[in-house]
Amino acid sequence: MEITYLKGVGPKRAELYKKIGVETVEQLVELFPRDYVDFTHPKPIAEVQIGEVCAFRAFVRRKTAPFSEYARMALYKAELTDGTENITAVFFNAKYTFAKLEENHEYLFYGKITGDLVRKQAGSPLFVPVTEGGLMPKYPLTAGLTNNMVSANVKTALGIVKLPETLPQPLLERFGLLPREQAVRQIHFPKSREEYTEARRRLVFEEFVTLKLGLSLMKYRMRNSTGAVMREVDMSKLWKSLPFTPTGAQKRAASDCIRDMQREFPMNRLVQGDVGSGKTLVAAAAAYFCVKNGFGAQVMAPTEVLAQQHYKTFSELLSPLGVRVELLSGSLTAGEKAAVRNRAQAGEVDVLIGTQALIQKSSGMKNTGLVVVDEQHRFGVAQRGALAEKGANPHILAMSATPIPRTLALIIYGDLDVSVLDEMPKGRLPVKTYAVDSSFRQRVYNFIKKHIAAGRQAYIVCPLVESDEGKSDKASAIEYYNTLINGEFRDIPAGLLYGRLKQAEKERVMAEFKANRLKLLVSTTVIEVGIDVPNAVVMLIENAEQFGLSQLHQLRGRVGRGAEQSYCILMSDSKSDYTKARTDAMVRTTDGFRIAQDDLQLRGPGNFFGREQHGLPPLKVADIADDAAVLEQVDGLAEEILSADPKLNKPENGLLRQNVQRLFGANGEYSWN
């Protein structure tokens with residue numbers, strides 16, 4: 001039913017609801033509160049403190065209307081008492097709200113306490129009759145739509161909308177869950193914290209089980225289709241040719257890939273490892289196995305710099321073994337690109353490397369058996385599905401250097417098998433991290449110069465960039481760079497990287513730094529992912545409070561890539577608790593997975609990855625950080641359900657199947673195969 005026809009709405013208000021994504025009465029019922037005003041624990045007036053926001057219970061002794069209701073600031077006052085003390089409620093230009101208060105009636109009030117020790121005041125407090133105490137919902141709003149309007153409309157909607165059950169009865173009984181109808185009513189208008197918790201748990205459970213089942217079905221949906229089925233080959237030649245000893249984690253991850261590629265259906269695996277854990281070797285081993293089976297491999301990187309770096313690494317590892325590696329680079333001429341593509345189509349290239357855009361245009365590579373996707377978090381659920389449906393169902397190996405807490409990985413990578421690289425290569429020393437304020441600036445500059453004098457290199461990361469709106473209130477990255485090279489670092493070869501620099505110039509600067517012709521690189525976060533310069537041993541991060549915790553960790557991963565002790569210095573004058581919590585986490589550990597868990601707790605999952613990156617249906621109630629226990633519970637349940645009924649075809653799973661179709665079908669990211 002369209003919301004226009006709900007009593008109390010009409011066309012004008014319907015337009016306002018449309019702005020917050022509500023067009024039907026059913027959608028209004030699922031516009032769950034974002035927060036609540038808690039009337040459940042009112043304080044005696046004698047105990048409320050100036051500046052406190054709280055609930056209190058009081059009688060209305062007397063009401064005082066303003067001399068003129070049309071004054072620019074018409075003040076309406078009500079003298080309140082609870083027998084212990086008095087307080088004045090003050091309402092500004094609120095004639096109709098004030099009119100609802102009746103003298104000699106008792107109410108629950110909620111608001112900020114102002115005034116002084118002689119006379120306390122509450123400015124424009126919310127109030128409800130004592131019989132309606134509990135939790136008052138606070139809804140998502142837009143200009144022109146008030147909380148009272150939405151609340152009244154939701155009450156009306158709940159009176160006419162049927163709320164059918166969406167979970168099988170045995171699940172409700174097994175996990176002690178409320179019926180859906182009761183849960184929806186209680187989450188809108190709970191009378192106590194216990195009622196809210198009970199209702200929320202039911203709805204969180206339903207969201208997680210639907211999401212997990214959908215993602216697991218995505219994982220299994222192609223298992224009926226034959227991919228490039230491979231046979232066992234001798235990998236010892238590759239392992240013996242390496243100039244270093246692979247870690248146990250690298251060997252295990254490579255074995256996972258090799259095992260997957262011998263199955264009757266395509267591999268869909270993620271290799272997730274902290275910065276510097278050696279994911280590229282795993283990808284190279286998978287590519288070698290693929291080539292030895294007579295298939296070609298494509299490697300997709302998110303940037304040109306990373307594509308060139310992968311080309312260098314894959315060539316060093318595989319070319320001596322007779323594997324033909326080629327780079328499809330944006331810097332090639334049109335003729336050169338065409339020549340590379342022609343060779344790939346003719347079967348004269350074994351491993352083709354390039355950016356996602358370049359490689360996807362070149363889908364004609366002969367007999368592609370493996371596609372490697374780097375920086376997985378930039379390549380969401382929808383893209384994975386689209387890639388899997390192309391051509392001959394190639395095996396997909398995704399790589400991510402962004403550590404993700406297990407609870408988040410269960411959702412973000414729910415359609416993938418996961419291998420974790422939890423060991424660092426031998427000889428790597430943990431980066432020593434220090435947090436300082438700008439009073440240490442000179443000492444830090446001297447520290448950087450000392451290491452450069454010893455033949456090493458350094459990064460200075462600065463979050464400040466040129467602004468379209470004119471100069472920002474802080475110095476821009478370019479001005480900062482000029483200050484450095486004309487001052488403290490005037491005798492040191494330095495380069496500058498920032499977001500708006502032309503791609504060719506970025507490539508040139510990075511190549512100069514990698515070749516050790518530049519000793520100092522001043523940069524914004526364009527160096528965040530994947531750049532490998534083992535000789536760089538010091539990183540100074542200016543205004544560290546402007547970076548997220550996981551971003552700081554990614555930046556720090558650019559140093560500590562060789563055998564020398566490396567250092568990361570976080571400089572910030574911010575005194576906020578949030579900044580301190582982040583810098584403490586960075587100083588305390590170099591374990592990216594622990595840092596990711598801290599980041600999830602500090603920032604919440606909504607900010608950990610943007611919606612456009614992971615491509616998942618949005619969660620209305622569940623919170624991945626707060627509801628980790630329910631997610632773990634549901635993860636095992638989803639596997640249990642699908643092992644007994646792989647396509648949810650049994651009658652008892654009909655409701656679960658409908659939930660998955662409703663959630664994923666609406667996003668165009670799921671199909672039943």
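FYI, it's all coordinate maths here, none of it is from the lab. Since the model is a prediction, treat every value here as computed from it, not as a measurement. Glycine also receives a Cβ, built like all others from the backbone with ideal geometry; neighbour counts cover every protein chain displayed.
Strictly over 27 Å apart at the Cα level, which of Lys7/Lys212; Lys366/Lys514; Lys237/Lys426; Lys432/Lys575; Lys312/Lys506; Lys212/Lys312 would you flag in this model? It would help to have the intermediate numbers written out before the result.
Numbers: Lys7/Lys212 38 Å; Lys366/Lys514 34 Å; Lys237/Lys426 21 Å; Lys432/Lys575 22 Å; Lys312/Lys506 18 Å; Lys212/Lys312 39 Å.
In this structure, Lys7/Lys212; Lys366/Lys514; Lys212/Lys312 lie more than 27 Å apart at Cα.
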- prompt: Ranked by Cβ crowding within 10 angstrom, fewest neighbours first, how are Val349, Val90 ordered?
  reply: Val90, Val349
- prompt: Which ³J(HN,Hα) values, rounded to whole Hz and listed in residue order, are derived for the stretch 640-647 from phi using the Karplus coefficients 6.51, -1.76 and 1.60 in 6.51 cos²θ - 1.76 cosθ + 1.60 with θ = phi - 60°, glycine and proline given as x?
  reply: 4, 5, 6, 5, 8, 8, x, 10
task: Order these peptides, 253-265, 152-164, by their mean beta-carbon neighbour count within 10 angstrom, highest first.
output: 253-265, 152-164
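Please order Tyr459, Tyr5 by the number of other Cβ within 10 Å, starting at the fewest. Don't skip to the answer; put the middle values down first.
Working: Tyr459 26, Tyr5 12.
The order, fewest Cβ neighbours first, is Tyr5, Tyr459.
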- request: Could you list which residues have their amide H under 5 Å from that of Gln121, counting only those 5 or more apart in sequence or on another chain, with H placed in the peptide plane?
  value: Thr88, Thr114, Gly115, Asp116
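Which order do the peptides 183-192, 22-31 come out in when sorted by mean C-beta neighbours inside 10 angstrom, highest first? Let's see the in-between values first.
Working: 183-192: 20.0, 22-31: 17.9.
With the highest mean Cβ count within 10 Å placed first, the list reads 183-192, 22-31.
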- line: Note, the stretch 144-155: 3J(HN,Hα) by Karplus (6.51, -1.76, 1.60, θ = phi - 60°), whole Hz, Gly/Pro = x, goes x, 10, 9, 4, 5, 4, 4, 4, 5, 5, 5, 4
task: For Lys43, enumerate residues with amide H under 5 Å from its amide H, sequence gap 5+ or separate chain, H modeled in the peptide plane.
output: Ala55, Phe56, Arg57
message: Taking every alpha carbon pair in the stretch 42-133, what does the distance histogram look like in 5 angstrom bins from 0, in percent?
response: 3, 15, 28, 26, 17, 9, 3, 0
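I'd like to compare 171-181, 539-549: which one has the highest average count of other Cβ atoms within 10 Å, and what's the full order after that? Display every interim value, and only then the final one.
Numbers: 171-181: 15.1, 539-549: 21.2.
So the order, starting with the most tightly packed, is 539-549, 171-181.
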field: All lysines inside 19 Å of Lys19 as judged from Cα atoms, apart from same-chain residues fewer than 8 positions distant
entry: Lys138, Lys620
